[in-house]
1. Pull up the stretch 58-89, narrow it to residues that are part of a strand (DSSP E or B) and without any contact (Cβ under 8 Å) to a residue 60 or more places away in the chain, then point me to the one that is surrounded by the most Cβ atoms within 10 Å (Cβ to Cβ).
2. Give the stretch 81-100 a look and list any residue that's more than 16 Å from the chain's Cα centre (by Cα) and under 18 Å from residue 55 (Cβ atoms), or say none.
3. Identify the residue in the stretch 176-192 that is in contact with a Ser or Thr (Cβ under 7 Å, 6 or more places away or on another chain) and closer than 21 Å to residue 65 by Cα and, among all such residues, is surrounded by the most Cβ atoms within 10 Å (Cβ to Cβ).
4. Among the residues in the stretch 115-131, are any within 14 Å of the chain's Cα centre (by Cα), farther than 20 Å from residue 145 by Cα and of a type in the set (Gly, Ala, Ser)?
5. Against the condition surrounded by 11 or more Cβ atoms within 10 Å (Cβ to Cβ) and either among the acidic types (Asp, Glu) or out of contact with any Ser or Thr (no Cβ under 8 Å at 6 or more places or on another chain) (or both), how does residue 25 come out, does it pass?
6. Being out of contact with any Leu (no Cβ under 6 Å at 6 or more places or on another chain), without any contact (Cβ under 8 Å) to a residue 24 or more places away in the chain, in a helix (DSSP H, G or I) and within 22 Å of residue 153 (Cβ to Cβ) is the requirement here; does residue 49 meet it?
7. Which of the residues spanning the stretch 117-175 are surrounded by fewer than 21 Cβ atoms within 10 Å (Cβ to Cβ), among the acidic types (Asp, Glu) and over 16 Å from residue 195 (Cβ atoms)?
8. Which residues, counting only those in the stretch 90-116, are closer than 24 Å to residue 4 by Cα, open to solvent by less than 40 Å² (accessible area, probe 1.4 Å) and β-branched (Val, Ile, Thr)?
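The values are calculated or read from the model by the stated rules, or taken from the named source; none is laboratory data. Bear in mind that the values here come from a model prediction, so they are computed numbers and not experimental data. Using ideal geometry, Cβ is built from the backbone for each residue, glycine included, and neighbour counts are taken over all protein chains shown. All accessible areas refer to the heavy atoms of the entire protein, side chains included, with ligands and DNA or RNA removed. Shrake-Rupley method; radii C 1.70, N 1.55, O 1.52, S 1.80 Å.
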Amino acid sequence: MSLDQHFISKMQDIYAEFSAYDAAQNDRIDRYRNIEPDSASFLALQVRIQRSKSVLEIGTSTGYSTLWLAEAVKSTQGKVDTIEVDLSRIEIAKKNAEALGLQEYIQFHHMDALTFLELSRKPYDFILLDAERSEYLKYWHALSNMLNRKGSVLVVDNVISHAQDVSEFIELIDQDHRFMHQTVALGAGLLFVTAI
């Protein structure tokens, strides 16, 4: 089964629009910094392979990866919870979700990621972490509790492109013998973490 060509075409247009916006920004914080298309489609494939129903995304930005994840959970009758602190970016993501008919598969949370993680008691099958890397160490305790079921997976983006920024976070995972991890050299580098 291949993906709907309308979805593929729309996602190409969205990525081109977001990339053009980023190229015009001087400050990194102002950029949308969406995940690369190859990485996004690979993650959607993983959701399908796992038959994941509960998906968490930390760092919606303007929703490029959110849309890929939502398209995947549509086939599993699942749901994506996605967290973003910038309301204007959530509005862009919502607009694109509605244009693709994917809004029913996405629950947008406008809040700080650490607050969400500390309050959430829900286990997730699949978690994508693509937020401010300086905050990752604070997230690990809550994330590790969410990953306590066999088969649950955490994926962290940018682990090759920004290796120095995530080195302490990866060391923290190394020290937690409940988990194993492996880096996939796709896009900016994807770290897969799962319980042993």
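1. If we filter the stretch 58-89 for residues that are part of a strand (DSSP E or B), which is where we start, we get 58, 79-84.
Still in the running and without any contact (Cβ under 8 Å) to a residue 60 or more places away in the chain: 79-84.
Working: 79: 17, 80: 31, 81: 19, 82: 24, 83: 23, 84: 24.
Per the criteria, the residue is 80.
2. Just the residues of the stretch 81-100 that are more than 16 Å from the chain's Cα centre (by Cα), to begin with: 87-88, 91-92, 95-96, 98-100.
Of everything in the stretch 81-100, those that are more than 16 Å from the chain's Cα centre (by Cα) and under 18 Å from residue 55 (Cβ atoms) turn out to be 96, 100.
3. Among them, the one singled out is 190.
4. Looking through the stretch 115-131, none of the residues is within 14 Å of the chain's Cα centre (by Cα), farther than 20 Å from residue 145 by Cα and of a type in the set (Gly, Ala, Ser).
5. Values: surrounded by 11 or more Cβ atoms within 10 Å (Cβ to Cβ): yes; either among the acidic types (Asp, Glu) or out of contact with any Ser or Thr (no Cβ under 8 Å at 6 or more places or on another chain) (or both): yes.
Criteria met by residue 25.
6. Details: out of contact with any Leu (no Cβ under 6 Å at 6 or more places or on another chain): yes; without any contact (Cβ under 8 Å) to a residue 24 or more places away in the chain: yes; in a helix (DSSP H, G or I): yes; within 22 Å of residue 153 (Cβ to Cβ): yes.
Yes, satisfied.
7. Residues satisfying the conditions are 118, 132, 135, 165, 168, 171.
8. Listed by number, the list holds a single entry, 106.
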